[in-house]
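Novice: Structure incoming, see below.
The values are calculated or read from the model by the stated rules, or taken from the named source; none is laboratory data. None of these values were measured; they are calculated from a predicted model. Glycine gets a Cβ as well: all are built from the backbone with ideal geometry, and neighbour counts include every protein chain shown. Each accessible area value is taken on the protein alone, full model and side chains, heavy atoms only, with ligands, DNA and RNA left out. Shrake-Rupley method; radii C 1.70, N 1.55, O 1.52, S 1.80 Å.
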Amino acid sequence: MSVTFDRTTEKTGMFLRGLRRRTGRPVPELVGLFRSIIDGGRDFHPIASDFLEHFMDGAGASRIMSPRWLRSFKVIKKAERRNQRRFERQLARRARLLDDHASAWLHDYWDARINAFIGTELFYVSRMSLLRSHGSFVLTRDGREVRVSGTVRHRWFDPYDWDRGRWVYIPRHGFVPIAVGRELVEADEARNFLMESRHVQTLEGVYVRGGRLRRGRARFAWALVRTGG
């Protein structure tokens, strides 16, 4: 089916319908719109096109994303660093309270919310997502020094569901109502699915306790555990 949405009046009409819960368009026309977005985006946003095609044809099966691709976006690295700093602050507080020649474990997790920047390919795959970081660490004190080591398992995830917002701007197609995705799911022409990605980092560090008038100081080094992803 050939569908044309490049006329100004057509774009305006689709934009206004994006403010409603339904588009008022026949389902075959909506299918044609998404198929044209998939075909038109392969040269510019191949990952986004692949995920939109999976939305149409994947029967709801989960998709595992490449950590290397995901971490190529600054917003993901910033979320990762946000959780790292939270762990570092916890570890420094625990180190200050540790008795000499004693050891302690720390287990916890932190969530960092992510909002992708408009225009990036990540935005067309996942506008809002979550990075959950589970950490497990051991602290051992010897004199003024507290040695820290541990592992953090990061899990990024987001449902691909076309449920948030009213419309999205797609190059060459203009403003596309979010309601298109909802109506295709209702018509059993598409299925929501879960996107996720996992990676692991290790932490090695030293906290040097200060005196009565001096604060302690900490050095932490993070390393990515390399996998084939």
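Novice: Using a 1.4 Å probe on the protein heavy atoms, what percent of the accessible area of region 18-76 belongs to carbon and sulfur?
Specialist: Its accessible area is 54 percent carbon and sulfur atoms.
Novice: Of the heavy-atom accessible surface of region 148-229 (probe 1.4 angstrom), what whole percent is carbon and sulfur?
Specialist: The computed percentage sits at 48.
Novice: So for the pair LEU130, TYR109, with labels modelled 7 Å out along Cα→Cβ, what separation do we get in nm?
Specialist: Between LEU130 and TYR109, the label points sit 0.9 nm apart.
Novice: Ignoring ligands, DNA and RNA, what accessible area per residue does the chain give at 1.4 Å, in Å²?
Specialist: I get 57 Å² per residue for this part.
Novice: Can you give me the three principal axis dimensions of region 96-223 from its C-alpha atoms, in Å, biggest first?
Specialist: Answer, in whole Å and largest first: 67, 28, 22 Å.
Novice: Taking 4 °C and 1.567 mPa s as the conditions, I'd like the Stokes-Einstein D for the chain in µm²/s, using the Kirkwood hydrodynamic radius from alpha carbon pairs.
Specialist: 64
Novice: OK, next. Evaluate the charge dipole of the chain about its Cα centre and quote only its size in Debye, nearest 20, assuming +1 on the Cβ of each Lys and Arg and -1 on the Cβ of each Asp and Glu.
Specialist: 1680
Novice: Placing unit charges on C-beta atoms (Lys and Arg positive, Asp and Glu negative, everything else neutral), compute the dipole magnitude of region 110-203 about its Cα centre in debye, rounded to 20.
Specialist: The dipole of region 110-203 has a size of about 500 debye.
Novice: Taking all protein chains together and a probe of 1.4 Å, list ILE64, ILE37 from the most accessible to the least accessible.
Specialist: These residues rank, largest area first, as ILE64, ILE37.
Novice: Could you list, bin by bin from short to long, the percent of Cα-Cα pairs of region 22-105 in 5 Å steps?
Specialist: 3, 10, 12, 12, 12, 10, 8, 8, 6, 5, 5, 4, 2, 1, 0
Novice: So what is the calculated 222 nm ellipticity per residue for the chain, using -39500 (n - 2.57) for each DSSP H run with n of 4 or more, over all residues, to the nearest 500 deg cm²/dmol?
Specialist: It comes out at -10500 deg cm²/dmol, rounded to the nearest 500.
Novice: Shifting gears a bit: Take region 63-158, drop everything but the C-alpha atoms, weight them equally and run the Debye formula without solvent; then report log10 I(q)/I(0) at 0.18, 0.20, 0.22 Å⁻¹ to two decimals.
Specialist: Treating every Cα as an identical point scatterer, log10 I(q)/I(0) equals -0.80, -0.90, -1.02.
Novice: Now a separate question. Among ASN115, SER149, TRP167, flag the residue with its Cα farthest along the positive direction of the charge dipole of the chain, charges on Cβ as +1 for Lys/Arg and -1 for Asp/Glu.
Specialist: So the residue furthest toward the plus end is SER149.
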